[in-house]
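Trainee: The structure follows.
The values are calculated or read from the model by the stated rules, or taken from the named source; none is laboratory data. Not measured: the values here are computed from a predicted model. Cβ placement follows ideal geometry from the backbone for every residue including glycine, while neighbour counts extend to all protein chains displayed.
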Amino acid sequence: MKFNLKYALVTFLIAGKFAPAHAQNQKSEADFKAVMEKYSAVGASVAIVKAGKIIYTHSFGLKDLENKTPLSDQDIFRIASISKSFSATSIMQLVEAGKINLDDDFGDLVGFKIRNPKFPDQKITLKMALSHTSSLNDSQGYLNLDLINPDKNPNWGKCYNDYQPGSKFDYCNLNFNLIGTIIEKKSGERFDNYVKNHVLKPLGLYAGYCVDSLDSTRFVNLYEYHADTKTYTPSPTAYAPRRTEIANYVMGYTTPVFSPTGGMKISATDLAKYMIMHMNYGTANGVKIISKKSAKKMQTALTPEEGYGFAIRTADNLIPGVKLKGHTGSAYGLYSTMFFNPKEKFGFIIITNGINATYTDGLPDFSREAINVLYQDFIK
């Protein structure tokens with residue numbers, strides 16, 4: 001065969017261009033796998049953003065332990081509490097449209113009395129609910145609004161803490177299931193459809209709250225770890241379709257069926273695209289989801305000690321010397337992490353479907369170690 005100098009030179013240049021990146025990826029993947037092994041992770045999907053663009057995605061381990069199915073970048077997870085930021089983003093759209101105000105009475109918006117019985121004259125505002133300073137709690141549950149409705153439950157008062165609304169932070173899922181009802185009442189769209197039409201579709205994301213609107217073959221099995229036996233059991237309810245409840249749906253009341261507080265299903269890659277929108281203060285790929293003012297408001301802490309804004313918190317204890325914005329999620333054995341730096345335009349998505357979880361400063365050690373590995377290998 002005749003030697004082609006031009007072809008050989010091009011091949012050499014291409015190989016030279018990609019060899020360092022390939023070597024870096026190999027090192028990073030080895031580092032990440034070591035963290036996974038340390039915490040007995042079943043699987044994990046990763047997406048990294050640098051200079052405002054996704055520069056790396058990869059999936060490690062298994063989607064399905066029983067059938068040993070490898071996890072892929074196309075697979076989607078129920079991401080738990082990162083879902084709250086989709087609800088808060090939707091609320092900010094309605095605020096911008098003049099349909100609601102952050103200082104509105106939460107009860108007036110929900111449609112029944114929301115007042116702490118210890119402070120009956122103190123208005124609880126939408127802003128308080130978005131920032132978990134409403135004085136509501138999850139002690140009675142949060143999957144049914146009857147729990148806090150005085151007309152439905154004589155023990156509704158137990159859903160409130162013993163301090164003045166607006167004075168303290170207490171993370172509360174019930175806040176966001178109630179916020180979902182407000183989105184329905186003020187938009188006229190079912191909660192899952194509102195988010196799909198006004199956030200997901202404009203950003204070109206394959207995701208959603210309604211199980212039956214998605215390809216179930218892409219769902220990642222979630223696994224609870226049992227430290228005593230060092231074994232995993234699959235969650236039977238993470239992707240429950242709840243068809244009976246949806247068939248009998250009451251707009252503006254049975255909204256918790258879709259779990260505005262934790263029910264979003266999405267891949268790590270698409271979650272990174274959503275994160276870029278918040279990183280850019282409301283806009284991605286020329287598509288404006290919320291205004292810069294609204295996005296900054298979401299990212300501004302109302303509780304300095306907790307660093308919590310509207311479903312986005314400040315974290316300065318993840319990477320030493322680096323301040324990040326974002327949220328975490330945990331349920332059914334899943335642990336999800338979305339953190340970004342809006343000034344330097346980098347960020348991380350890490351989602352695992354099962355780990356041996358230990359915590360430091362309220363964050364899973366797996367997530368902390370994983371994000372530091374990715375930061376050192378790709379950003380620093």
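Trainee: Could you pull out the residue among Thr133, Thr57, Thr89 that is among the polar types (S, T, N, Q), in contact (Cβ under 8 Å) with a residue 24 or more places away in the chain and in contact with an Asp or Glu (Cβ under 6 Å, 6 or more places away or on another chain)?
Mentor: Thr57
Trainee: I'm trying to understand the selection: among the residues of the range 349-361, which are in a strand (DSSP E or B) and at pLDDT 95 or above?
Mentor: Result: Ile349, Ile350, Ile351, Thr352.
Trainee: Report yes if some residue within the range 328-348 is outside any loop (DSSP other than H, G, I, E, B) and basic (Lys, Arg); otherwise report no.
Mentor: No, because not a single residue in the range 328-348 is outside any loop (DSSP other than H, G, I, E, B) and basic (Lys, Arg).
Trainee: Inside the range 38-92, can you point out the residues that are outside any loop (DSSP other than H, G, I, E, B) and of a type in the set (Val, Ile, Thr)?
Mentor: Across the range 38-92, the qualifying residues are Val46, Ile48, Val49, Ile54, Ile55, Thr57, Thr69, Ile76, Ile82, Thr89, Ile91.
Trainee: Another question about this same structure. May I ask you to say which residue of Thr181, Thr244, Thr217, Thr229 is β-branched (Val, Ile, Thr) and either at pLDDT below 95 or not in a helix (DSSP H, G or I) (or both)?
Mentor: Only one candidate passes the filter, namely Thr229.
Trainee: What tally of residues in the range 321-343 results from selecting those that are at negative phi and free of Cβ contacts under 8 Å to residues at least 12 places away in the same chain?
Mentor: So the answer is 1.
Trainee: Follow-up. Inspect the range 190-201 for any residue being hydroxyl-bearing (Ser, Thr, Tyr) and either within 16 Å of Phe106 (Cβ to Cβ) or part of a loop (DSSP other than H, G, I, E, B) (or both) and give the result as yes or no.
Mentor: Scanning the range 190-201 turns up no residue that is hydroxyl-bearing (Ser, Thr, Tyr) and either within 16 Å of Phe106 (Cβ to Cβ) or part of a loop (DSSP other than H, G, I, E, B) (or both).
Trainee: For residues that are surrounded by 14 or more Cβ atoms within 10 Å (Cβ to Cβ), free of Cβ contacts under 8 Å to residues at least 60 places away in the same chain and either assigned to a helix (DSSP H, G or I) or in contact with a strand residue (DSSP E or B) (Cβ under 8 Å, 6 or more places away or on another chain) (or both), tally how many sit in the range 109-119.
Mentor: Qualifying residue count, the range 109-119: 2.
Trainee: Right, next: Exactly one condition in (1) surrounded by fewer than 18 Cβ atoms within 10 Å (Cβ to Cβ); (2) touching a residue at least 40 places away in the same chain (Cβ under 8 Å); (3) not polar (S, T, N, Q) is false for Lys292; which is it?
Mentor: Answer for Lys292: the failing condition is (2).
Trainee: To continue, here is another question. Would you point out the residue of the range 296-323, among those that are touching a Leu at 6+ places or on another chain (Cβ under 8 Å) and surrounded by fewer than 18 Cβ atoms within 10 Å (Cβ to Cβ), that is nearest to Ser90 (Cα to Cα)?
Mentor: Selected residue: Asp316.
Trainee: Pull out all pairs, ordered by first then second residue, where Cβ-Cβ is under 7 Å, the residues are six or more apart or on different chains, the first lies in the range 36-49 and is of a type in the set (S, T, N, Q), and the second is outside any loop (DSSP other than H, G, I, E, B).
Mentor: As it stands, the answer is Ser40/Tyr225; Ser45/Ser59; Ser45/Ala268; Ser45/Ile351, since those pairs meet every condition given.
Trainee: Further question on the same structure: Run down Gly157, Gly188, Gly204, Gly208 and say which single residue is modelled with pLDDT of 95 or more, over 24 Å from the mean Cα position of the chain (by Cα) and closer than 30 Å to Met277 by Cα.
Mentor: Gly188 is the lone residue from the list that is modelled with pLDDT of 95 or more, over 24 Å from the mean Cα position of the chain (by Cα) and closer than 30 Å to Met277 by Cα.
Trainee: When you go through Lys230, Lys273, Lys265 one by one, which is the residue that is among the basic types (Lys, Arg), within 17 Å of Leu71 (Cα to Cα) and either exposed (fewer than 15 other Cβ atoms within 10 Å of the Cβ) or in contact with a helix residue (DSSP H, G or I) (Cβ under 9 Å, 6 or more places away or on another chain) (or both)?
Mentor: Result of the check over Lys230, Lys273, Lys265: Lys265.
Trainee: Right, here's the next one. Every residue in the range 127-160 that is of a type in the set (Gly, Ala, Ser), closer than 17 Å to Leu109 by Cβ and assigned to a loop (DSSP other than H, G, I, E, B), please.
Mentor: Selection gives Ser131, Ser134, Ser135.
Trainee: Please enumerate the residues belonging to the range 343-362 that are surrounded by 18 or more Cβ atoms within 10 Å (Cβ to Cβ) and over 20 Å from Tyr223 (Cβ atoms).
Mentor: The answer is Phe346, Gly347, Phe348.
Trainee: Right, another one. Condition test on Ala311, is it over 27 Å from Tyr232 (Cα atoms) and in a loop (DSSP other than H, G, I, E, B)?
Mentor: yes
Trainee: A follow-up question, please. Among the residues of the range 269-308, write down those that are touching a Phe, Trp or Tyr at 6+ places or on another chain (Cβ under 7 Å) and assigned to a strand (DSSP E or B).
Mentor: The answer is Thr303, Tyr308.
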